[in-house]
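The block underneath contains the structure these notes are about, expressed in structure tokens.
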Amino acid sequence: MVHIILCGGDEAGRGALLGPLVISLVAAKKGAISKFSRIGVRDSKLLSRRRREMLYDAIQDISTEVKVDMITPMDINDAMKNSVSLNELEAMRFARLYDSVEADVDVLYLDSPDVIADKFGIRVNMASSKPTKPSGVKQIKRNDGAKYAKIIAEHKADAKYPVVSAASIVAKVTRDKAMDAISDELGMELGSGYPSDEVTIEAVKRNLDSQELLKHVREYWATMQNIKQTRLTNF
């Protein structure tokens, strides 16, 4: 029996000042997708941490495959230093992660960070070594008979497609655990890692001379530049 495989991709930590940007892909048989909705899978931002962690194991059980990649602050810093945008970096890493999926995917749904949503699907298509076809792009005929996976990149896909919601939960749970590990490693409270979190900002301000902390910080973020400038003007 041939099964239709749907795959969803999302991230956690994109706007953070501190900690990794985590991307995740969840692949599942089309017939199993309804199970995600039945157990309460939805956009991770709408769920408590405890609820996300409860759903994490169930997602693993329902899925055909789950893939995760962590883009470190150092990766992001190096990309920005070389004029590679975060959208480009994320697309390249999603493509690499998708290339590692063993299942024969029919449709890949992605939550798009690009202003023009389809552009992200095109970026992933160009970086992937697998035969894919971004939505809205005319398919090129192949002589080897390989099947194309259709890429659908949309804004708020994590709220629209359960398989993307599942990926958003996996990414968020993974990032939360990564932040806990960094806090334990450094022996300090770091908060969520986002610029809107006063705990995060205060931790960075107090430890600007700590190389151990700074390796977890996105150096070229505007927030970081403002913190450095404030320190200089206060001397």
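The values are calculated or read from the model by the stated rules, or taken from the named source; none is laboratory data. All values derive from a computational prediction rather than experimental measurement. Counting neighbours? That spans all protein chains shown, and the Cβs are built from the backbone with ideal geometry, glycine included.
Would you check which residues across the range 28-87 are exposed (fewer than 14 other Cβ atoms within 10 Å of the Cβ) and among the hydroxyl-bearing types (S, T, Y) and list them?
Those that are exposed (fewer than 14 other Cβ atoms within 10 Å of the Cβ) and among the hydroxyl-bearing types (S, T, Y): S34, S37, S48, S83, S85.
Would you be able to tell me the number of residues in the range 137-157 that are within 21 Å of M92 (Cβ to Cβ), out of contact with any Pro (no Cβ under 9 Å at 6 or more places or on another chain) and modelled with pLDDT under 95?
So in the range 137-157, the residues within 21 Å of M92 (Cβ to Cβ) come out as 137, 148-155, 157.
Next, only the ones that are out of contact with any Pro (no Cβ under 9 Å at 6 or more places or on another chain) stay: 137, 154, 157.
Add one more test, that the residue is modelled with pLDDT under 95, and what stays is 137.
The qualifying residues number 1.
For the range 117-128, what are the residues that are part of a loop (DSSP other than H, G, I, E, B) and either modelled with pLDDT under 95 or acidic (D, E) (or both)? Please lay out each step first, then the result.
Step one: list which residues in the range 117-128 are part of a loop (DSSP other than H, G, I, E, B), which gives 128.
Of everything in the range 117-128, nothing turns out to be part of a loop (DSSP other than H, G, I, E, B) and either modelled with pLDDT under 95 or acidic (D, E) (or both).
Please enumerate the residues belonging to the range 16-31 that are modelled with pLDDT of 95 or more and out of contact with any strand residue (DSSP E or B) (no Cβ under 8 Å at 6 or more places or on another chain).
Of everything in the range 16-31, those that are modelled with pLDDT of 95 or more and out of contact with any strand residue (DSSP E or B) (no Cβ under 8 Å at 6 or more places or on another chain) turn out to be A16, G19.
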